[in-house]
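S.K.: Dropping the structure in here first, questions after.
The values are calculated or read from the model by the stated rules, or taken from the named source; none is laboratory data. Everything numeric here is computed off the predicted structure, so don't read it as measured data. Cβ atoms come from the backbone with ideal geometry, glycine included; neighbour counts cover every protein chain shown.
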Amino acid sequence: MSDHEQALDQGRDQVRPVLVGYDGSPAGEAALRWAVEEARLRGAPLTVCHAWCWSYPFRPPDEKTLEVLRCLGAMVADEGVRKAHSFAEGLEVRWHLKRGWPAAVLLEASRDADLVVLGSRGHAGFDDVMVGSTAVQVPARGDRPVVVVRSAERQPVETRGSRGEGPSEGQGERRGARVVVGVDGSPASEAALGFALAEAELRDGRVEAVCGWWDPGVLPGPERLPFVRPETLRAEAIERFEHAVAGWKAEHPKVPIETRFVVETPRRALLDAAKDADLLVVGSRGIGSSPKLLLGPVTQTALHEAPCPVAVVPPARP
């Protein structure tokens, strides 16, 4: 093997995989589709992860029972690999099967991944619960970006050349992805903005950076503190917002980015902006979030109520 070929192989080995949790549920299959497209766009391998466990409070009767459960889990993981190959021929797909609770298994496996993709709820979820516990625990306790996908959501936009072809004759250019990101100046929102721009660049898309600003002084109640002018507070908030966005524009000059400063609660501003989005990106915890909360209230609302896939991004590691 030549030195050039060895360098290429080393480069491939350094590309960290996209990790997807798969359990055969509708949301799990939607997550698998999203993860396949993400891995293809990144030129990264895909790892299909499935956790199996004995879920009853009493001990299993014997080792044979556990072996049956493990074999069933292997069948699910194998199904995920086969479906991934059917979604994108030639994609390098691995599988990871381990005994344990799904959140714990995924968190351990995520140490070797760049991104985690999950369905919003698995087979064990209650019908009236929009987001299962695993889809909350993994972004809350992990240190990697996590994309949570619902089964009813649209699939990721196919960019030019996503299947090795340009747009069909007479169809024109394919629509790029619209990525919405919440920005509030917190470390996690800084990381979220960088992630949003990178995702939009992968998909020939655009970014809409949204800052929801709510002045409590507009509500009826006690008079304002002396020397506090609402127009000054708003101007300072806009300046911080524009400054945060400007720092990332130079790093992704090809990505169109629009800024929207909205006089509305951050939760409402982001949910409204996400109505026609292909991806909503939020930091794990924003400004003002209690340190006792693993996920900020805005992030929790996005996971439960956003109509599109949600990416939860932790602060950049030092």
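S.K.: In the range 227-261, how many are surrounded by 12 or more Cβ atoms within 10 Å (Cβ to Cβ) and either touching a residue at least 60 places away in the same chain (Cβ under 8 Å) or among the hydroxyl-bearing types (S, T, Y) (or both)?
M.R.: Of the residues in that region, 4 qualify.
S.K.: Could you grab me the full set of residues in the range 92-107 that are surrounded by fewer than 17 Cβ atoms within 10 Å (Cβ to Cβ) and farther than 17 Å from R70 by Cβ?
M.R.: Those that are surrounded by fewer than 17 Cβ atoms within 10 Å (Cβ to Cβ) and farther than 17 Å from R70 by Cβ: E92, R94.
S.K.: Counting only residues that are touching a strand residue (DSSP E or B) at 6+ places or on another chain (Cβ under 8 Å) and either modelled with pLDDT of 90 or more or not in a loop (DSSP other than H, G, I, E, B) (or both), how many does the range 273-294 have?
M.R.: Filtering the range 273-294 down to residues touching a strand residue (DSSP E or B) at 6+ places or on another chain (Cβ under 8 Å) leaves 273-274, 276-284, 286.
Add one more test, that the residue is either modelled with pLDDT of 90 or more or not in a loop (DSSP other than H, G, I, E, B) (or both), and what stays is 273-274, 276-284.
Qualifying residue count, the range 273-294: 11.
S.K.: Write out, first by first residue and then by second, each pair whose Cβ atoms fall under 7 Å of each other, whose residues are 6+ apart or on separate chains, and whose first residue, in the range 61-86, is at positive phi while the second is loosely packed, with under 14 Cβ neighbours inside 10 Å.
M.R.: Here the result reads none, with nothing in the range 61-86 linked to a residue that is loosely packed, with under 14 Cβ neighbours inside 10 Å.
S.K.: Please determine, by comparing only the residues of the range 262-272 that are within 16 Å of V310 (Cβ to Cβ) and surrounded by fewer than 22 Cβ atoms within 10 Å (Cβ to Cβ), which one is nearest to the chain's Cα centre (by Cα).
M.R.: L271
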